[in-house]
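Report on one structure; see the data block that follows.
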Amino acid sequence: MWSWRAGALLRGWGRRLAGAPGRRLLSCNAASQAGSSAPRCWKCGSPGAPARGHGLFCPQCRALQPPDPTRDYFSLMDCNHSFRIDTIKLQNRYQQLQRLVHPDFFSQRSQIEKELSEKHSTLVNDAYKTLLAPLSRGLYLLRLHGIEIPEGTHYEMDDQFLMEIMEINEKLAEAQNEAAIEEIESTVRDDFEKAKEILTKMRYFSNVQEKIKLKKTPL
């Protein structure tokens, strides 16, 4: 069917990941080195405010600090930068962060902290939803490596592949019974499993990419 096309496309993404040493994954360590000066707390001005990528509150006055714009979803949710993650750990981390930053806990705080809590809560929700679903997780991992997959169904697709997709959509529209629908669903499910298998290989490319980054770091 059309699974070979999905596999070819994902293998192409993998080759692009392995062959792009200039595309560096933004890690927690890289984030902490992004600025030469330690951030200051917006409320008390203390230079001991949490370093980028670490902590949410000022250790001096306990004011909630702005979200770190350099921190990616994987480091925020304390997950490995790979396609295969522990979803139970992800859920626990999500609940932990929401207990710290949810707006309901800041109703009696200053307006600034109310706004910051909304930003943090939204960020945590987005990170959780993105990493929970395999497809969005894989696409996000690609984006961290500098590979953008535009929305729509025409990304580097040839006419044959698009015709196969149209045929599947037509069969689904014409399906008159549950058996016909289940047959289409089975075909699509098989293709998803093949795509998942190939996407899983991305974690190995990610590991190689990290080793490349370490090799390029001056001693």
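General observations
- Count - residues of segment 97-109 that are open to solvent by less than 80 Å² (accessible area, probe 1.4 Å) and out of contact with any Asp or Glu (no Cβ under 7 Å at 6 or more places or on another chain): 6
- Hits in segment 55-80 (condition: part of a loop (DSSP other than H, G, I, E, B) and either open to solvent by less than 40 Å² (accessible area, probe 1.4 Å) or touching a strand residue (DSSP E or B) at 6+ places or on another chain (Cβ under 8 Å) (or both)): Leu56, Cys58, Ala63, Gln65, Pro67, Asp68, Thr70, Asp72, Met77, Cys79
One line per residue, one yes/no per condition, for (1) modelled with pLDDT under 60; (2) more than 28 Å from Leu214 (Cα to Cα); (3) not in a loop (DSSP other than H, G, I, E, B):
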| residue | (1), (2), (3) |
| --- | --- |
| Cys41 | no, yes, no |
| Gly53 | yes, no, no |
| Arg84 | no, no, no |
| Ile112 | no, yes, yes |
| Glu115 | no, yes, yes |
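Residue-wise test of (1) over 23 Å from His81 (Cβ atoms); (2) out of contact with any Cys (no Cβ under 8 Å at 6 or more places or on another chain); (3) charged (D, E, K, R).
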| site | (1), (2), (3) |
| --- | --- |
| Arg93 | no, no, yes |
| Arg99 | yes, yes, yes |
| Asp104 | yes, yes, yes |
| Glu115 | yes, yes, yes |
| Asn125 | no, yes, no |
| Leu141 | no, yes, no |
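The values are calculated or read from the model by the stated rules, or taken from the named source; none is laboratory data. Bear in mind the structure is a predicted one, so any value in this text is a computation, not a measurement. Cβ atoms come from the backbone with ideal geometry, glycine included; neighbour counts cover every protein chain shown. Protein only, heavy atoms only, side chains kept; ligands, DNA and RNA dropped before computing areas. Shrake-Rupley method; radii C 1.70, N 1.55, O 1.52, S 1.80 Å.
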